[in-house]
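What follows is one structure encoded as structure tokens, with my remarks underneath.
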Amino acid sequence: MDKSKAEGQTKKFQELPIDVFFSRDFLSKLSETVSVLKVENGPAFKFVYVNKEEQMEKTGKFLHDVLGEEEAARFAYFCQTALEDNKAVDFIHHSDARRILHTSLAGMNGGEWVIAITRDVTALLDGERMLPDARTYQLDPLTGLWNRHALLDRLNRKTAEAKKGAPHPAVLYIDLDRFKFFNDILGQHVGDEILKRIAIRLKQLPFSDYEVYRQGGDEFIVLTAGRSREEVKQMAEQILALFYDPFKIEGEDYFLTPSVGISLFPEDGEDGETLIKHADTALFKVKERGKGHFLFYSKKMDADFHNYILMEAHLRRAMPRH
């Protein structure tokens, strides 16, 4: 970095009220990389200071401008978690040089700032001893959505918070009707493109405060909180409406419909696994009744599903074996 640019970045940092938390002299002497990020609307996270001169070009840039898309999304996820939980969060990630890094994050000044302290732990960890965190919190490589592990972690956090008075979460479990037909007849490349387009549409619902996850295959989950049953119903209706327009791929129009099963905290479950399970049970009932609509979970569905499994088992035993 040239001298004038470095001086400009130093001046910007001098204008920040960081002295409330840290001594600038102290920061400059640390061997770890210390970054200060400003929380913008979104939320989005902008680097406003880095204590290593060779990395000061990051200042003034957002996470997605500095890191790859997947790493930026992971970093932002943990920044948001640190702010929401109001406590430090640690995670493992990689640098461009494939070094293994450990970062600790903490919100400061009522959530206006995030402090990130990053250490190189390559020498301490090898491929056989990677912490579970590094493998678990990954984006789905096809759609760019968070995977089922991140979903379960997030949902369990929300249910624990809800028990202390925070907004109650709701799970909307989405399955694509006839999707196997598209994969088998048109090829996996068409199916993959449809899944990517669906992920984009789901992220454009006309609501705030919701998250989209890929559960696996052709299944997606929308997680929201603080909505009444009627508001969750409206969200489900909007999800169905997202599929009214065809998916145009390679000059052809393809129409799909989703089926949606819904579970609500606390009546349908007080932990993440139970809420997902009961939303899946409601989804099964939607499929049984003709697909292309949504249903809220009810306890009667468990008895119906149990009877269905028993009937199927009896029928299989009654079939002649060759």
Looking at Glu231 and the list (1) surrounded by fewer than 14 Cβ atoms within 10 Å (Cβ to Cβ); (2) in contact (Cβ under 8 Å) with a residue 60 or more places away in the chain, which single condition is not satisfied?
(2)
For Glu252, work out the one condition from (1) within 19 Å of the chain's Cα centre (by Cα); (2) loosely packed, with under 15 Cβ neighbours inside 10 Å it doesn't fulfil.
(1)
Conditions (1) over 24 Å from the mean Cα position of the chain (by Cα); (2) of a type in the set (Lys, Arg); (3) closer than 22 Å to Leu145 by Cα; number of the one not met by Lys46:
(1)
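Which of the residues belonging to the stretch 202-224 are outside any strand (DSSP E or B) and either surrounded by fewer than 16 Cβ atoms within 10 Å (Cβ to Cβ) or touching a residue at least 60 places away in the same chain (Cβ under 8 Å) (or both)?
From the stretch 202-224, those outside any strand (DSSP E or B) are 202-209, 217-218; that's our starting set.
Hits for the stretch 202-224 are Lys203, Gln204, Pro206, Phe207, Ser208, Asp209, Gly217.
Working carefully through the options Ala279, Ala303, find the one that is at pLDDT below 95, farther than 12 Å from Asp177 by Cβ and either assigned by TED's automatic domain parsing to the domain that holds His168 or in contact with a Pro (Cβ under 6 Å, 6 or more places away or on another chain) (or both). Write out each step before concluding.
Working: Ala279 fails: at pLDDT below 95.
Only one candidate qualifies: Ala303.
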Picking from Glu231, Glu267, which residue would you name as being modelled with pLDDT of 95 or more, more than 18 Å from the chain's Cα centre (by Cα) and assigned to a helix (DSSP H, G or I)?
Glu231
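So which of Leu142, Leu186 ends up being surrounded by 14 or more Cβ atoms within 10 Å (Cβ to Cβ) and not hydroxyl-bearing (Ser, Thr, Tyr)?
On the way: Leu142 fails: surrounded by 14 or more Cβ atoms within 10 Å (Cβ to Cβ).
Unique residue meeting the criteria: Leu186.
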Qualifying positions in the stretch 37-80 - surrounded by fewer than 16 Cβ atoms within 10 Å (Cβ to Cβ) and closer than 18 Å to Asp140 by Cβ:
His64, Gly68, Glu69, Glu70
Filter result (at pLDDT below 85 and either in a strand (DSSP E or B) or of a type in the set (D, E, K, R) (or both)) within the stretch 120-154:
Asp120, Asp126, Glu128, Arg129, Asp133, Arg135, Leu139, Asp140, Trp146
Mind checking whether some residue in the stretch 156-178 is within 28 Å of Leu275 (Cα to Cα), surrounded by fewer than 17 Cβ atoms within 10 Å (Cβ to Cβ) and under 16 Å from the mean Cα position of the chain (by Cα)?
yes
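The values are calculated or read from the model by the stated rules, or taken from the named source; none is laboratory data. No experiment lies behind these values; they were computed from the predicted model shown. We place every Cβ from the backbone using ideal geometry, glycine too, and count neighbours over all the protein chains shown.
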